[in-house]
Amino acid sequence: MKTNNLKKALLASALFSLGSFTHTATAFEFGAFGDVSLSSSDSQGESTGFAIGGIDLYTTQKISDNTSAFFEVVFENDGSGFVLDVERYSIKRNFTPAFSLAAGRFHAPLGYWNRNYHHGVLLQDTVSRPSFIDFEDGDSAILPMHTIGLMAEGKLGNGLSYEASLGNSNTFDTSNYTPGPGNNCGCEIGLSNVSDPSDSKTLIGRLKYDAGRIPLQVSLFSMKNAIVEGAATGGIIPFGNQLFSQTVYGFDLFYDDDVFSAQSEYYRLENDAAAGIGDGQSHSADAYYVQLGWRFAEIFKATYRYESLSFDSASTDQDAYFAILGRVESVHHVAALRYELDDSNTLIFEVNRTDPAGNADSSNSYTVDWAFMLL
């Protein structure tokens, strides 16, 4: 259908996947994403208002026959003004179809969403990302969605391909954290952009299968992650010492036949706390989403997504990883209607219901987003 073919074309040009530099042009390719929204919520203290989204600027260039460079910056709206974030920054060398190697900052090869939708709302069928795979500076993030280091990619034949990265460790600045039940510092997952406070490194791998004759992709992924103390002073342990050894494994699935679509991701987290961090024990967590879509009348698509995050949250047996992050167990129900206005802009109406665990009240948010892309 016209709408889906357009979206695939936008994805091909806008996702600027690090594996897609096959042309011989040497001119800069430049583009931008943006969006403007109107949102409301029934949460106490929230009001209805307009907002301008982030300004996403990207450029790529093939600098020799087998080498390409890529750069992406986002002027993010943090509620009080714009801050500049370098989201991706890399140089890549293609050796064979089975092996390419890049160095820089990348989206971590965890799941379908993070490797395909990136920072442009236009690319998504919903306004929001699944809450638990929010970017690491987001209010609901639980994992590092970027990595700084090396990325290898390649096609193995018979529909198989792989992505593998070796990157710096991640950090928590715990200087504002007071250990104890119910306490948290709302810490962000820190990324080590210019140095690594630890000799430990983060290793991520993803193996993907493309069915070919049917529009189905299935992947398995895993991560071995070190989370270390990022506070120079005042942290609960000395700077650079390990807080958690984290193992993550899961799968993702994506299907789209131009009328119906389905995608899902599942993450299993094993957080091994160092001695003296929380109860010093290993705790597990499960996070997943299932998203279904139906395209009709060529220009409309209805989408529903169910999200779940669960972990050890009892005060006597709490996962210190989530306590430091300040996260709570929750379920989300997201419904969206997408209306394709033109070749490069669309309206998305979304309703998002959040049901937190425990005695916290449920809430509903409503958003209308006008997303666009400059080619």
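None of the figures in this text is laboratory data; all of them are computed from the coordinates on show. Since this is a predicted model, take the numbers as computed values, not measurements. Cβ placement follows ideal geometry from the backbone for every residue including glycine, while neighbour counts extend to all protein chains displayed.
Residue separation of Leu203 and Ser175 scaled by 0.36 nm, minus their Cα-Cα distance, works out to 7.4 nm of gained length. Within the chain, the proportion of C-alpha pairs whose separation exceeds 40 Å stands at 12%.
Go ahead and run the numbers for FRET between Ser80 and Phe30, Cβ-Cβ distance against an R0 of 22 Å, rounding to 0.05. Numbers along the way, then the final one.
Values: r = 29 Å, r/R0 = 1.30.
That pair, Ser80 with Phe30, gives E of 0.15.
Only helices enter this figure: runs of n ≥ 4 DSSP H residues, each worth -39500 (n - 2.57), summed and divided by the residues of the chain, yield -2000 deg cm²/dmol at 222 nm to the nearest 500.
Charge dipole of the stretch 92-374 (Cα centre as origin; +1 on each Lys and Arg Cβ, -1 on each Asp and Glu Cβ, all else neutral): 840 debye, rounded to the nearest 20.
Zone of Leu101 (label point 7 Å along Cα→Cβ, backbone N under 14 Å): which residues in the stretch 150-165? Taking a point 7 Å out along Cα→Cβ of Leu101, the residues of the stretch 150-165 whose backbone N falls under 14 Å are 150-154, 164-165.
When the stretch 72-211 is described by a simple charge dipole with +1 on each Lys and Arg Cβ and -1 on each Asp and Glu Cβ, the residue from Gly104, Tyr209, Pro144 located farthest towards its positive end is Tyr209. For the pair Leu38/Asn193, report the inter-label distance in nm, with labels modelled 7 Å from Cα in the Cβ direction. That separation, rounded to one decimal, is 3.5 nm. Only aspartates and glutamates eight or more places from Lys224 in sequence, or on another chain, were considered; those with a Cα closer than 13 Å are Glu270, Asp272.
Computed from the C-beta positions of Val290 and Thr233, the FRET efficiency with R₀ = 51 Å rounds to 0.70. Candidates Ser219, Pro356, Tyr306 compared by Cα position along the dipole of the stretch 92-374: farthest toward the positive end lies Ser219, with charges placed on Cβ.
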